[in-house]
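The values are calculated or read from the model by the stated rules, or taken from the named source; none is laboratory data. Source: prediction; values computed, not measured. So basically every Cβ, Gly included, is an ideal-geometry build from the backbone, and we count neighbours across all protein chains shown. Side chains included, ligands, DNA and RNA excluded: accessible areas come from the protein's heavy atoms. Shrake-Rupley method; radii C 1.70, N 1.55, O 1.52, S 1.80 Å.
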Amino acid sequence: MADKRDYYEVLGVQKGASDDDIKKAFRKLARQYHPDLHPDDKEAEAKFKEINEAYEVLSDKDKRAKYDQFGHAAFDPSYGAGGGGGMGGFGGFSDMGDIFESFFGGMGFGGSRYSNPNAPRRGSDIETSVSIDFMEACNGVKKKVRVKRSETCPDCKGSGASAGTQPKTCPDCNGTGTRRVTQRTPFGNISQQSVCTRCGGKGKIVDSPCRTCSGRGAVMKSAEKEVDIPAGIDDGQTLRVQGGGNAGTNGGQYGDLHIRVDVRPDAIFERDGYDVWTEVPLTYTQAALGAEIIVPTVDGKVKYTVPEGVQVGTVVRLRGKGIKKLYRSDRGDHYMKITVEIPKNLTKEQKQKLKAFEDSLSEKNYQKRQTFFDKIKEKFK
């Protein structure tokens with residue numbers, strides 16, 4: 001754990017940073033070190049994974065609270081009951097119930113908390129990430145992701161025993177996976193319950209381990225899965241693929257696969273929730289006289305009639321032309337902000353015509369503008 005950098009340091013933010021600051025820092029660094037921009041660069045790839053790991057913790061309210069309290073130990077199983085708030089000073093017991101259970105076998109505290117080691121247990125979840133383009137996020141897309149997970153051994157079917165044999169019940173614990181030892185003390189007899197050392201808490205012993213899985217009941221495999229990414233997914237959101245995780249034990253179901261979606265930014269569109277913003281540059285003439293223009297939207301091109309005399313900074317709303325809402329049929333809106341391209345490097349003749357146009361304006365409008373500029377000059381004297 002000592003070689004891990006502080007997650008706040010990884011993202012370059014202060015410990016008290018807001019959720020927005022953390023998200024902005026992550027997006028900036030993720031774009032900087034994204035593997036697509038640095039093919040075959042192992043250092044950039046490692047940096048990208050480190051950034052993702054830090055953001056995964058700091059973007060989650062509960063995980064961040066645990067990290068702020070316990071640091072990296074909060075997610076290390078070797079730090080007291082998985083680090084999730086355990087009392088390290090008591091040798092890894094997660095609460096007072098565990099302490100009393102260890103010495104008194106759980107009596108008086110709701111009975112023993114040791115579960116049946118042979119009961120079906122669900123497999124653990126696994127995580128991966130996938131990068132998609134902005135338009136793929138808007139319209140939805142199928143993507144293939146490669147994951148490495150444990151799968152039930154095809155030869156022993158999860159039993160861990162070689163063909164023709166079966167695991168046998170542990171004679172030391174009679175299949176419970178635990179042993180109870182009674183000690184005489186000045187306070188009377190105290191029973192202590194602990195994991196059976198012979199079977200390792202499994203309740204069963206395999207005399208002839210399966211050669212394929214070495215008695216583990218599961219094998220590691222790398223597989224490619226095709227995933228449907230729904231329209232409207234946003235950067236940083238996670239998809240859950242049920243049963244895509246690690247194999248369970250004793251016939252338990254598979255865990256889930258969590259896929260974090262990273263959306264690459266677009267050169268034209270900027271997302272705000274399910275709304276989209278673009279800047280629409282007009283020529284000086286189009287702004288003054290009005291014009292019919294073509295506006296690009298995530299749903300295709302749209303014709304729009306620019307009114308005569310439109311002003312710089314005007315925001316136009318195109319209803320229902322934004323991004324489709326996740327798992328819904330309605331959409332956000334498209335907002336376009338008007339900008340005007342001021343002509344440069346005018347010829348002498350063009351300048352004269354433009355000046356003549358200025359002089360042709362009515363005296364009233366000229367005086368209004370002159371008064372405005374006089375106020376500005378007075379203010380900045």
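Consider only pairs whose beta carbons are under 7 Å apart and that are at least six residues apart or on different chains; among these, list those whose first residue lies in the range 220-241 and is in a strand (DSSP E or B) and whose second residue is of a type in the set (D, E) and surrounded by fewer than 18 Cβ atoms within 10 Å (Cβ to Cβ).
Going by the 7 Å Cβ cut-off, the qualifying pairs are K221/E151.
So which residues in the range 198-214 are part of a loop (DSSP other than H, G, I, E, B), in contact (Cβ under 8 Å) with a residue 24 or more places away in the chain and closer than 29 Å to V181 by Cα?
R198, C199, G201, K202, G203, V206, D207
Which of (1) touching a residue at least 40 places away in the same chain (Cβ under 8 Å); (2) among the aromatic types (F, W, Y); (3) assigned to a strand (DSSP E or B) is the odd one out, the single condition Y304 does not satisfy?
Checking Y304 against (1) touching a residue at least 40 places away in the same chain (Cβ under 8 Å); (2) among the aromatic types (F, W, Y); (3) assigned to a strand (DSSP E or B), the one that fails is (1).
Across the range 264-277, which residue is most open to solvent (accessible area, probe 1.4 Å) among those that are within 17 Å of K337 (Cβ to Cβ) and of a type in the set (D, E, K, R)?
Here the answer is E270.
Here is a yes/no grid of residues against (1) within 32 Å of the chain's Cα centre (by Cα); (2) under 30 Å from Q350 (Cα atoms); (3) open to solvent by 20 Å² or more (accessible area, probe 1.4 Å):
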site	(1), (2), (3)
A247	yes, no, no
V261	yes, no, no
E279	yes, yes, yes
L282	no, yes, no
V302	no, no, yes
T305	no, yes, yes
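Can you tell me which of (1) in contact with a Lys or Arg (Cβ under 9 Å, 6 or more places away or on another chain); (2) modelled with pLDDT under 95; (3) surrounded by 14 or more Cβ atoms within 10 Å (Cβ to Cβ); (4) aliphatic (A, V, I, L, M) is the one A288 doesn't meet?
Of everything listed in (1) in contact with a Lys or Arg (Cβ under 9 Å, 6 or more places away or on another chain); (2) modelled with pLDDT under 95; (3) surrounded by 14 or more Cβ atoms within 10 Å (Cβ to Cβ); (4) aliphatic (A, V, I, L, M), A288 misses just condition (1).
Among the residues of the range 180-225 satisfying the criterion of being of a type in the set (V, I, T) and open to solvent by 80 Å² or more (accessible area, probe 1.4 Å), which is nearest to P120 (Cα to Cα)?
My answer is T197.
Please go through the range 175-196 and pick out each residue that is in a loop (DSSP other than H, G, I, E, B) and either among the basic types (K, R) or in contact (Cβ under 8 Å) with a residue 24 or more places away in the chain (or both).
G175, T176, G177, C196
Could you go through the range 129-146 and let me know if any residue there is assigned to a loop (DSSP other than H, G, I, E, B), modelled with pLDDT under 90, under 40 Å from the mean Cα position of the chain (by Cα) and of a type in the set (D, E, K, R).
No, that holds for no residue.
Cβ-Cβ distance below 8 Å, separation of 6 or more or different chains: which pairs start in the range 132-154 with a residue that is in contact (Cβ under 8 Å) with a residue 60 or more places away in the chain and among the aromatic types (F, W, Y) and end on one that is crowded, with 18+ Cβ neighbours inside 10 Å and in a strand (DSSP E or B)?
That search, which allows pairs on different chains as well, returns F134/V263; F134/R271.
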